[in-house]
Amino acid sequence: MPIVRRSPAANLRANCLRNSDSFSDVEDYLSEYQLIPDVTTLKALTQVAVLVRGNTELPYPLADFTFYSWCQPTIKHDFSSLLPRKAFTKWFYALFFRLALPFEQDIFQHSKVIHSPLNLTILFRLITHLQTLGYPSHWMSELLNNIVENKVTTTARPPRTKPLRPADVRREYRSRHLCTSPFAQEMATLARLFQPLLPFSLNSTAIPSQKEIYKYHFSIPTYENHLPRPSNLMLIFFNNKYCGHPRDSCFEVIMKALKNDSRTLLDPSWGNEVDNTLKGFIFENLREKGLVAWSTCAWDIEKKVASAWMPESLIEGMQRDGKNWMVGIVRTDIWEATMGVPAYLEDAAAKREQWCA
């Protein structure tokens, strides 16, 4: 919409042909992709209105065109038109978890596959856009700092179904602290890289300087994948010493999850609220200290090498820990490992060019 002129004569038309049977109306579609459950929230967060809906007489209404238009001629909202801060905070955290932990799906039902091509970088472009609409910079800087400093307390949760419906988005869970440590390093690095676009300064000591950021290559020779989707790959680093003793039952649970469903380990609410076999100090401590996820990475399928911009202090700290840290690659549509055996980080990592010399 930002490229469309603010005029009653201007509109944007879109339809959903990839998986139109997954959505009964535009609210379903917006709930899954943007966590926007109704047109009132759409207006408050985007200044966009649904002008014409898809044809409800069709079996799949979203296969027909939906018309969107600007709902006001000026860019900035009146403050009274903004989403209230409490609701905005819940929405932003929920969107962060939606991007970081998309829910798994059945990739063999081709017409049901819902692509999630966006990674965490979109949050920083979104912050800039929200500020132009009138959302206060200090709201967003506080939320970003809370994520990178692992201080998120919210009534939102990572997705527990796919696609999300308006009722799922509106649901209020019990307010609790949700650990963001596995994603904090990536968010902190992206915050530094996107600093020129942000409408506020970054004061958190958790955010690295530009000179600390290097491109790292990670060789994962045991990579193997079925029906690969390159946009759904994520690097995952884990520390064996936080996985428990090999004779303990939790060790087996962790190893199985790392291979078959790493999302259940990364989701800070899963053990407490969904599956109590993943509940307890061992799992919480692993998330806090022994798991790092990195979605903004590139993958060279011929060389079987992943690359990512990462802080030197993070990788060197892992390398100093010897053979404890491992690196692998998972796919975030089904959350399965795409390698036979994870690689020792000490052997797999190679430092390349600096972001800003």
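Here, each number is a calculation from the coordinates, and none is a lab measurement. Computed from a predicted model, the values in this text were never measured in an experiment. Neighbour counts are summed over all protein chains in view; Cβ atoms, including those assigned to glycine, are modelled from backbone coordinates with ideal geometry.
Here are some notes:
- Which of VAL169, VAL52, VAL327 has the fewest Cβ neighbours within 10 Å, and the rest in rising order: VAL52, VAL169, VAL327
- A crude spin-label estimate for the pair PHE79 and GLU142, with each label 7 Å from Cα along the Cβ direction, gives 1.4 nm.
- Model label sites at ASP106 and PHE194, defined 7 Å from Cα along the beta-carbon direction, differ in position by 3.4 nm.
- Prolate is the label for the range 82-197, because a/c, from the alpha-carbon gyration tensor with a ≥ b ≥ c as root eigenvalues, is 1.5 or above and a/b exceeds b/c.
- Site pair LEU17 and CYS71 shows an inter-label distance of 3.0 nm when each label is modelled 7 Å from Cα along Cα→Cβ.
- Compared with the direct C-alpha span, the chain from SER231 to THR161 gains 23.2 nm at full extension, assuming 0.36 nm per residue.
- In summary, the lysines within cross-link reach of LYS351, defined as a Cα separation below 30 angstrom excluding same-chain residues under 8 places away, comprise LYS211, LYS215, LYS241, LYS259, LYS289, LYS303, LYS304, LYS323.
- With a Förster radius of 35 Å applied to the C-beta separation of PHE251 and HIS217, the computed FRET efficiency comes to 0.70.
- Per-bin percent of Cα-Cα distances, the chain [20 Å]: 27, 57, 15, 0
- Cut-off 12 Å between beta-carbons: net charge of the residues surrounding PRO166, Lys and Arg +1, Asp and Glu -1: -3
- Cβ crowding within 10 Å averaged over residues, with 85-93, 124-132, 31-39 ranked highest first: 31-39, 85-93, 124-132
- In the chain, the calculated helix contribution to ellipticity at 222 nm averages -9500 deg cm²/dmol per residue, counting -39,500 (n - 2.57) for every DSSP H run with n ≥ 4.
- Cβ-based net charge around LYS279, under 13 Å, with every Lys or Arg adding one and every Asp or Glu removing one: -3
- Ascending count of other beta-carbon atoms within 10 Å, so fewest first, for SER209, SER22: SER209, SER22
- Around CYS250: net Lys/Arg minus Asp/Glu count, Cβ-Cβ under 14 Å: +1
- Full-stretch length increase - LYS351, ASN276 - with 0.36 nm per residue and alpha-carbon distance subtracted: 23.0 nm
- Lysines whose Cα lies under 27 Å from that of LYS43, excluding same-chain neighbours fewer than 8 positions away: LYS76, LYS86, LYS90, LYS162
- Exposure proxy shown here: for THR161, THR41, the number of other Cβ atoms within 10 Å sets the order, fewest to most, as THR161, THR41.
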